Structures are given as C-alpha cells and as structure tokens.
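Worksheet: one structure, shown below.
Here, each number is a calculation from the coordinates, and none is a lab measurement. From a predicted model like this one, the values you see are computed outputs, not experimental measurements. Because the Cβ atoms are built from the backbone with ideal geometry, glycine has one as well, and the counts that use them run over all protein chains shown.
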Amino acid sequence: MTQKRFANQTVIVTGAGEGIGYEVARQFCAEGASVLVNDILPERAKAAAKAIASETGADCIAAPGDVAEVETVRGLVAQAVDSFDGLDVCVCNAGLTSWGNFFAYKPADFERVVSVNLRGSYFLAQAAARQFRAAGSGGRIVLMSSVTGHRAVPYLSAYGMTKAALEMLARNLVLELSPHGITINCVAPGAVITPRNLNDDPDYEARWGNLIPVGKAIESADIANAVLFLAAPESEKITGQAIVVDGGWTSTSPIPDMGYGADYEN
Ligand SMILES: NC(=O)c1ccc[n+]([C@@H]2O[C@H](COP(=O)([O-])OP(=O)(O)OC[C@H]3O[C@@H](n4cnc5c(N)ncnc54)[C@H](O)[C@@H]3O)[C@@H](O)[C@H]2O)c1
C-alpha cells in the first residue's frame, strides 16, 4: 500500500471550523496528517474536528481560540507539539473580511481586522518558525491572502491592505527562514463558495460564475489543493510566492464596448 502524502505529519489550520480552513484540514487528514483545527468558536472547532476525524480516520483535534491573541497562537504550536510530538505545517488561514466605506471606517474595525489578519498570522508564523528551527527539521508555512490584496474591490480597503501585507511578509521572511529549511508562501483565493458567502448572497455562485473567465466560482477544495501543494516535499524550493486561485479573475480588466467581439477574427 502506498503511504499517504502527509502521513506522520502534524498540521495546524486556523479558522478551520468551516469554509476554506475546514476543507484544508479535511484534505490534510485525508492524506494522513494529524491536524489541529482552530476556530474562535469552540463548538464549531469541536464539531469540525469530530466530523473530519470520523470521515478520514485521522487524528484531528479541536484547538479553540482567537488568533488575534498572541498567547492563543503560541498555545496552538505548544498543543501540536504536546499532542503529536512536533509540527510540520502551519496554515495561517483565519481572516476577518471587514467591509466598510473608507470615509466612515472606524478605528475599532481597523484594529480588529489588522489584529486578526496580520498580528494573528505574523505571530503564529513566528511561533511555528521557532518550533521548526528548534527541531531542526524544516517546515512549511502557508498564509491565506486574497485577490483583494492584488486588485481594488470596493469597501475592502483595510482588508485588502492586510492581504497585500501578508504577501510582503512571505517575501521578506525568505531571508530569515530559508537557512532553516522553512518555506513560507501565500495562497490568494478569488471568490470562494463558502457558507459565509452563501449566507451573505444565496446567488453567490452564479453571480461570480458569470464574471470569472473560467465560468465558475472557486471551491474550497481548489484552495486546499494549492495549500497541500505548497506543503508537499516536492515544493521545497518554492518560497516567498503567492499562488492566485481565482479562475482568471485578476487577469482581467474592464474595457469599454469596442464594437467588435467573437467575430473579430473574420
Ligand atoms: N471566502 C472567500 O471568498 C475568500 C476569498 C479570499 C480570501 N479568503 C480568505 O481565506 C480565509 C478563510 O476564509 P473563509 O471565507 O473560509 O473564512 P470564514 O469567514 O468563513 O471563517 C472561517 C472560520 O474562521 C473562524 N474565525 C473567524 N475569526 C477567527 C479568529 N479571530 N480566530 C480563529 N478563528 C476565527 C470563523 O468562526 C469560521 O468558522 C480568510 O483568511 C479569508 O480572508 C476568503
């Protein structure tokens, strides 16, 4: 029998009670990893860990807490080491999508989105990197960015800024992490069909499908595929990069009606 891709590996995934993080945790478990499922909502973390463990048969445990708290993210790494004897992959997925008109955006909202998206990811990456360095076995860090870190989307100024910052963080840290065999990369999702997005807009899938060049909104599995790729042994020389998974959306720019179309080649 062939060994599963992530057998004997330990993975932390934040914000994994539902949505993209849940699918990332599920795919790692299906590939043999032991996974810590973090979520700010304890019941959601427990339910997710239980469902994933029963579906995959892997070790999957709940690790509730708010990633904005530095003690929480340090505790996640400590819990991984205590429970599974080490850490191999850290996925800083939790992020707060914070909508708001720039003219009215409140300092408290700014503090919160920066605390969750940046402080949470920065200090979790730091805690994971300290563990990887101490163990001397290298490691993988994946940060969850967004296409809004590449393109202007209305009313997402603070959120988009945090996502662009995460991509610079990955580029910067290649200097300090590469000597320890640690890679750090980002995945930048486009419009993903998640419970939160469907709750905000029941027509989400069709509306985005009409806009996106490939004709379909993105699925959490598409994002998880990219995360697992970056965490796999064959990606050891990919670091400081961002993989955009958006069905071509960021490659397009609106143009005026030029009066010609599909028949242009004629
Ligand atoms: N869904 C999308 O279309 C999309 C697009 C681009 C980027 N992203 C990014 O992908 C990541 C996951 O997105 P999603 O839409 O699946 O997330 P989501 O908003 O659905 O949240 C997923 C889980 O994270 C938990 N969570 C929220 N704040 C937390 C915190 N402070 N600490 C720990 N857990 C917390 C929530 O309780 C929830 O169960 C985020 O970083 C998001 O910015 C999502």
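Of all residues being more than 9 Å from the ligand (Cβ to nearest atom) and small (Gly, Ala, Ser) in the stretch 24-52, which is surrounded by the most Cβ atoms within 10 Å (Cβ to Cβ)? Just the residue, please.
Across the stretch 24-52, the extreme among qualifying residues is ALA25.
Being within 15 Å of the ligand (Cβ to nearest atom), under 20 Å from the mean Cα position of the chain (by Cα), crowded, with 24+ Cβ neighbours inside 10 Å and part of a loop (DSSP other than H, G, I, E, B) is the requirement here; does GLY21 meet it? Can you show your working first?
Details: within 15 Å of the ligand (Cβ to nearest atom): yes; under 20 Å from the mean Cα position of the chain (by Cα): yes; crowded, with 24+ Cβ neighbours inside 10 Å: yes; part of a loop (DSSP other than H, G, I, E, B): no.
Here the answer is no, as GLY21 does not meet what is asked.
Quick one: count up the residues across the stretch 126-156 that are within 15 Å of the chain's Cα centre (by Cα), more than 18 Å from GLU236 (Cβ to Cβ) and not in a helix (DSSP H, G or I).
Within the stretch 126-156, residues that are within 15 Å of the chain's Cα centre (by Cα), more than 18 Å from GLU236 (Cβ to Cβ) and not in a helix (DSSP H, G or I) number 3.
Return the total of residues in the stretch 74-96 being over 12 Å from LEU118 (Cα atoms) and surrounded by 19 or more Cβ atoms within 10 Å (Cβ to Cβ). So that I can check it myself, show each step before the final result.
In the first step, residues of the stretch 74-96 are kept if they are over 12 Å from LEU118 (Cα atoms); the result is 74-91.
Next cut, surrounded by 19 or more Cβ atoms within 10 Å (Cβ to Cβ) only: 76-77, 80, 84, 87-91.
Counting residues in the stretch 74-96 that are over 12 Å from LEU118 (Cα atoms) and surrounded by 19 or more Cβ atoms within 10 Å (Cβ to Cβ) gives 9.
Limited to the stretch 35-51, what total is found for residues that are within 18 Å of the chain's Cα centre (by Cα) and closer than 20 Å to VAL77 by Cβ?
Adding up the residues that qualify gives 9.
For residues in the stretch 132-163 being of a type in the set (Lys, Arg) and under 24 Å from GLY248 (Cβ atoms), which is farthest from the ligand (Cβ to nearest atom)? Full working, then the answer.
So in the stretch 132-163, the residues of a type in the set (Lys, Arg) come out as 133, 140, 151, 163.
Then drop every residue that is not under 24 Å from GLY248 (Cβ atoms), which leaves 151, 163.
Working: ARG151: 11, LYS163: 7 Å.
The residue in question is ARG151.
For the stretch 53-63, name all the residues that are surrounded by 18 or more Cβ atoms within 10 Å (Cβ to Cβ) and either at positive phi or within 10 Å of the ligand (Cβ to nearest atom) (or both).
Within the stretch 53-63, ALA63 is the sole residue that qualifies.
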